[in-house]
Amino acid sequence: MSNELKSITKPKRQQHKNQHCEKEINEEEHENIESFFSKFFNLSIQNKPKCTKSKEESIKFIQDNSRTQFAQTVTKLSIPTVSKQNGMMKMNRPNAHPKNSKKFSYITLNTQVKPRLRKRYISPSKEEIKNKIEQREELIPKKRDILSYNGNASSSNLCEEEQKSIKKSQKIVKPIRLEEKFPKFIPISKMKTILESQNPTDLKYIKGYLRINPKFGKHAYITMPNGENDLLIIGLRDRNRAFNGDLVVASINEEEKWHRGTNEQKQKTGTIVCILEKIHPRKAVGFLKQSDPIILLQPRDNRIPMIKIHLDTLPEIYNTKPSLFEEILFLVDITAWEKPRYAIGKIEHMIGTAGDMEVELNVILLENNINTDPFNEELVKDLPSAENNLTLMDIKEREDWRQTCVFTIDPATAVDLDDAVSCTVLKNGNYEVGVHISDVTHYLKASSPLDMEIAKRATTVYLVNQVYHMMPQELRKLCSLLPGQDKLTFSVIWEITPDVQIVKHRFAKTIINSCCQMTYEQAQKIIDNPEYPDVDETLNIKGNFTFFQICNVIKNLYNLSEQMRTKRYADGALKIDQPKLHISIDKISGLPTSYNILEKMDSNRLIEEFMLLANMTVATHLYKTMPEYALLRSHNYPSERFLTLTQNILQRFGIHLDIASSGDLYNSIQRYESCKELESETYMYLTKYRLMVINNLCLKAMTRAIYRSSKVTEVDDLRHYALNVPYYTHFTSPIRRYPDCVVHRLLHSTISLNVELAPNWSSELCSKIATNCNWRKYYAKLAEEQINELYFTCLVNMIGSMTVIAIVLDVKQYYIEFILCDTGIKAKMDLKEIKNKTTIEYTTEHLVPTLTITWKESHITQVITTFSIVHLRINKHPNCFRLNTVLLEPIKNHDC
């Protein structure tokens, strides 16, 4: 048997009504019908038992009678008919079985495809199959693009042998489906050459990090240069084995393949042709799903494709009792992705039952690739003990600041203290201000095994229930600036005038002995009562310093910081505040007990100003001394398109934003921080809630600040948009951020003649470290937000449900997006939740999306747009661990 015949398989039968030709035969059709019908007649009745009418009688009958009579007679003869429907030729077959009325659906045959795709018919004998195919090829009208038929081989006028023969000959199959394949990759070395040589004004290839839509995984995006719309990647094939976060290169498709949006404006589309760097860990969490004969993992993350599981990695009892695993989550390692339909992977381990609190926490950590493994003891065995005294080698060539009033100000829960401050009044009336940062790199040698492990982790992850440290406990204890202990530091020292002019600055390796560990709350009490502060008995002061000496230092630092802050915003800085949710946990049960929004105090802002000043000072120095090797932190200008869109949206509600610069934007937002028409106590909260919406909409237009190497970037791209400074970096938190450790080493090499850069240091290595740190920081922040919402959902579930005030952030045709006013959490509600109780009309008046909701029982009409204040009922979703949100019916004369 030929390969073509081997490929024929049996399809599933589908019910389909017997359809006959409805269009009357015209004169041209009558002229050709005798020859045309003869061919079909020969095909249908050859080698069959006798029928009630002869061929000649049938032809004469057709010419003398109407189209309807012709169809009825043909049905009795079991002769196929041809009709034209929707531009397609359709072959209609009558019923073939007298006892069974099941009917076969027709298939479409394209005469333009290869002949092997049209050989569709199966018959009991091989020779008969070949003959049928040859005859069928001759009968297909060459002037038609498509020939369709509807098989229905059942008639009471056919003898039993004829019925069986026709039934066998009418078995059909679906067209052969060619397996979709991925485009071939361009080699990385060749791709880099192409990128360097292409015309910047006529780009054919775009390089960037892939961003996949978390709600619709078939759409992915790459940022386009010059503020254009993002390049759209549609479908798994064009995504070409790339995962979210990967550094890729995409070719821009021809214009006819561009995507046309709702506004009729075309968006460029592309196909990924090279993966320069695999950032995504290639792991997925999900449920097992049977798809005979294979087993698939259905990931919970929509950005990951279905995964075909290696059968030898399945649990032993899965094949016999698969129902036991319906609610079980598995972690799968993706080993290959050969076909767009699904990737291939193996099960690493079973996580647990979905919906369990511990399991859901673990899933968040796994999906965000948070390293929770303890440090290997071999990595820390050579570290000195924290109790050991410093040696002469440790303090050699260091400035001694142990007799200066130096102290730390941190959150009450802080354990790792990596920054301290000091302020001394000079004889000329100026101030000598010092920021002293723990000298971690004195103990952490570059490229050591411990350094490489810390570089991988890149950041400390702070969660509600747990802290996953970047550094091992032994090193943290050694470096933490605990009071009453000699500690090694790296200091930035300024001479500052009373009107906050910087006279000069310097960098120095120092040794300090902190006199106290102060909390933000304790420092705030001193700021609030600068003249007559009450002695804080809870403050454990070390050394020869007094409480009032510490108060004077805080007072001077606060006065300087306030002026610095005012000057910084006057110079064009931007700050968009977001509420930070804090959830209290019971230490014994581990369950949430309460929640609140953290309020930023003046003491927080005091420390913030001097840390910013230290980072900016170090960044400027590094770029001047080593412009090719510096690790900087930049914040690109926001997307002009998105920022303009935000401006237009707010303009419709009477809110005018000036987006010319970061400073103009900040001043615009500040104008709406207070509202004269809402200054009464009753409605004062509306201003606060309205600012939440403004800030959220502005943040959507912002890009993320990132670490980058100074060499591989244009000078303008190094600028920090929000701070409005040319250079910025991170220097002040080396215990919890690895980039700060790198910056310490770079800075030390510029101020010491005896210290050189690490022998393997290069701009390429700097870029790799920056990329890893960017993603680790992003996923750490994402995990923090997700676990906050998880614990809040758990708290709501313990209560049962809650009624909360929310403000509308966005209105769509099928859902509403809210901000919960007392937590800052964003939530969505599908309008299906209230469809039985309401009638809903969606309109767009003056470009403002509006929902008009009429409640059936009370006949109250509620108009909802952005900034509308509403009441919601929130509870835990019955099928998963997330919030379920339902809009409540307004009360007359109370709701907005």
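Here are the numbers for the structure shown:
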read-out: Distance in nm between pseudo-label sites at Thr625 and His871 (7 Å out along the Cβ direction from Cα); value: 6.3
read-out: Spin-label model distance (nm) - Leu645 vs Asn369, 7 Å beyond Cα toward Cβ; value: 2.7
read-out: Order of Thr729, Thr646 under a 10 Å beta carbon neighbour criterion, fewest first; value: Thr646, Thr729
read-out: Segment 411-554 shape via C-alpha gyration tensor axes, a/c threshold 1.5; value: oblate
read-out: Residues Val755 and Thr335, FRET efficiency given R0 of 41 Å [Cβ-Cβ distance, rounded to 0.05]; value: 0.40
read-out: Spin-label model distance (nm) - Tyr689 vs Ala570, 7 Å beyond Cα toward Cβ; value: 3.7
read-out: Potential extension, Arg260-Lys504 segment - 0.36 nm per residue separation minus Cα distance; value: 82.1 nm
read-out: Listed peptides 305-318, 467-480 by packing density, highest first (mean Cβ within 10 Å); value: 467-480, 305-318
read-out: Over 29 Å between alpha carbons, listed pairs Lys268/Lys826; Lys321/Lys781; Lys181/Lys257; value: Lys268/Lys826; Lys321/Lys781
read-out: FRET E, pair His582, Ile805, Förster distance 25 Å, beta-carbon r, rounded to 0.05; value: 0.85
read-out: Calculated FRET efficiency for the pair Glu599/Leu765, C-beta based, R₀ 56 Å, to 0.05; value: 0.85
read-out: Alpha carbon centroid spacing (whole Å) that separates segment 197-216 from segment 226-295; value: 10
read-out: Difference of contour (0.36 nm per residue) and Cα-Cα distance, Lys278 to Ser323; value: 12.6 nm
read-out: Proximal charge balance of Leu831 [Cβ under 14 Å; K/R count +1, D/E count -1]; value: 0
read-out: Extended-chain gain in nm, criterion 0.36 nm per residue less alpha-carbon gap, Ser661 and Gln198; value: 163.5 nm
read-out: Among 790-800, 494-504, the order from most to least packed when residues are scored by Cβ within 10 Å on average; value: 790-800, 494-504
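None of the figures in this text is laboratory data; all of them are computed from the coordinates on show. Worth saying up front: this structure is predicted, and the values here are computed from it rather than measured. When we count neighbours, we look across all protein chains shown, and the Cβ atoms used for this are built from the backbone with ideal geometry, even at glycine.
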